[in-house]
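Visitor: Before we start, here is the structure in question, set down as structure tokens.
Here, each number is a calculation from the coordinates, and none is a lab measurement. All of these numbers come straight from a predicted model, not from anything done at the bench. So basically every Cβ, Gly included, is an ideal-geometry build from the backbone, and we count neighbours across all protein chains shown.
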Amino acid sequence: MRVTSIHAQPVLGARYPAAAAAVSAGKDVQASSDAVTLSGATEATKAAEKSAAAGPVPVASDPVPAQIAVLEREGAPPVAIPRALGAVPGKVRLDAFMKVRDFDLLVARDGKVTSQTVPVHSAPGHNSTLVAALIVDGSNPPQPVLKDGDMRFARVLAGDAYEKMGFVAGRWDKAGVDGSGIGIDEIAEEVGGHALENGLRPLGEQLLPSMPHESTEADQYFVAVIKLDSSVTGDGGGMEIPGQMGPHVMTLEEGFQAMNEGRVGDSARCRVMYNRALDSIGYIRELGVWVHDVPALAARHSTLGLGPVWDPRHLKPAPRSSEEHEEKGDPAPPPAEKVDNGLLLSCERIPVSDGVTMLDAVTSHAVGDRPVRKPMKNQILQVDYGRAKVITYYVDPERGPMVHAGDVERPVMAVKGLALDQERTYKKENTELVRQDLDEARLRLGEDPDAQVAAAFHGQPTRLATASTASSGQSTLYYHFYANEVPPEDGFVPLHEFIQACRADAQADSAAEATCELLTENLQWLPTLRMTVEQARQLLPQKE
């Protein structure tokens, strides 16, 4: 069993070595991980050094269950895990809607306390709600509800389309409103709908980061079984254009194909969200069945860390007050001129770190090269690199796909937990310095990414899907997705266990979980059932 490329020409390469030079997991943050021992340390730092030399540093946060926090890697020797001890505020580079601040992060590593400067980018509320909106009509396949008219200037800076399909989402920038409340508001504003009674549910308790080497942003995922019953209003800001923005109802096949082809903005986050949603409600799109209707499948099905499976097919409309209820009116008329571009009107460039610049800009919607509507303030983190997620794997005949997961330091997330705790409104978040992740490479822009990955990883790395923006509302960063099949070796874990670690304990990030799901799709493997699609098909009732 091996993955097939979406390109006619497969990417060339040779076998992956365990010590894959400068670009495997964690090696792309050399500037922040090349820490130095502090000189002239404060008394607090000296005490921390003494504590670190004496033995393991206690974890500041409550430990998570060991079976989730640390994946068992067969044959992997025990290692001392670096611990973040504290973070001291430094230079403020930008204090606006978006913020960029430096912190000195103290880390206990190899019996010493070291310091590194960590530039931290954050948005209001730090986090976002993402909603997998679905229309469920009896036992028919659920239909995803995406949205048209998602406009992001970061994509223009990267040479991509200004407008794409998007999904229901919103930042946590409303005081006193939790993640579910943000979701309810965004469903109404962006697609003109509301969730059925008990139809909005979280997809895991932990937040999953979107671009953890650069930003504090993390996502809380929800599934919402909705009814489209009102007009799209937008949020009242200049970015959203009712009439051009609105619901886009698709089949599951159409939706996932659009994600694969890059026609959906932030497609990796979208894929993670909808795969979680389908696993949560017990619908297997590869078979076209609900597990609730097939006892043999229901007995094997696991949501992989999302809680009990539930059946949404009998939900009823939620009761609504007279103030809340609005009859579905006429949809907003399309704009007189369809916006198809964005223009940069003015910009201050603020250096952040090697390869990273913050743009404090004013942008405008445009028709062609002509600006229309009101100018908008827009802060964008511009990077001169991309990132490749590489899932290194082999297929065990009994256990299925086995993947390589290594320990990777995430200084930005550690600072978020240590120094920005007062700004966080959601505490169930993994902000440990070290997380487990897939292999990763930092890519040079302007050069063939496939060739760069082939040169960095021995084996035969194969592209899985079109590259995706990491978080196009705040950055120009793109993730690329590859699979690399290797002969069996020690230190690998079952693929379904790694997916569960992402979901239950926020290991890795959304790009890594998406890469895992792309591999399962190519291998025709069902991680929730721990079997192939063909094996699962044998459990279906035979038609007479």
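Visitor: Taking a quarter of the surface of the Cα convex hull of the range 461-516, what do you get in nm²?
Guide: Computed as one quarter of the Cα hull surface, the answer is 4.8 nm².
Visitor: Now a separate question. Could you state the number of Å between the C-alpha centres of the range 121-161 and the range 247-319?
Guide: 15 Å
Visitor: Please compute the volume of the convex hull spanned by the alpha-carbon atoms of the range 131-247 and report it per residue in Å³.
Guide: In the range 131-247, the Cα hull volume divided by residue count equals 137 Å³.
Visitor: How far apart, in nm, are the 7 Å Cα→Cβ label points at Glu337 and Met376?
Guide: So the label points at Glu337 and Met376 sit 1.7 nm apart.
Visitor: So between Ser139 and Glu253, what do we pick up on full extension, going 0.36 nm a residue minus the alpha carbon distance?
Guide: So the extension gain works out to 39.4 nm.
Visitor: Also, quick follow-up: Mind checking which aspartates and glutamates have their C-alpha under 17 Å from Lys338, skipping anything on the same chain fewer than 8 residues away?
Guide: Reachable aspartates and glutamates: Asp148, Asp150, Glu163, Glu240, Asp369.
Visitor: Considering just Cα atoms, how many Å³ per residue does the convex hull of the range 284-442 enclose?
Guide: Per residue, the Cα convex hull of the range 284-442 comes to 302 Å³.
Visitor: Give, in nm to one decimal, the length gained when the segment between Glu205 and Asp229 is fully stretched (0.36 nm per residue of separation minus the Cα-Cα distance).
Guide: Value of the extension gain: 5.7 nm.
Visitor: Cross-link candidates for Lys316: which aspartates and glutamates have Cα within less than 13 Å, leaving aside residues fewer than 8 places away along the same chain?
Guide: Candidates past the 8-residue exclusion: Asp137, Glu197.
Visitor: With the cut-off at 20 Å, tell me which of the pairs Lys147/Lys416; Lys99/Lys374; Lys147/Lys377; Lys99/Lys416; Lys174/Lys374; Lys147/Lys374 have Cα atoms farther apart than that.
Guide: Flagged as over cut-off: Lys147/Lys416; Lys99/Lys374; Lys147/Lys377; Lys174/Lys374; Lys147/Lys374.
Visitor: Rg and Dmax in Å for the range 430-544, alpha carbons only: what are they?
Guide: When restricted to the Cα atoms of the range 430-544, Rg and Dmax are 16.7, 57 Å.
Visitor: Now, a different point. Which whole number in µm²/s is D for the range 490-544 by Stokes-Einstein, with the Kirkwood Rh taken over Cα pairs at 20 °C and 1.002 mPa s?
Guide: Once the numbers are plugged in, D ends up at 171 µm²/s.
Visitor: Can I ask one more? Order these peptides, 264-273, 432-441, by their mean beta-carbon neighbour count within 10 angstrom, highest first.
Guide: Highest-to-lowest ranking by the protection proxy: 264-273, 432-441.
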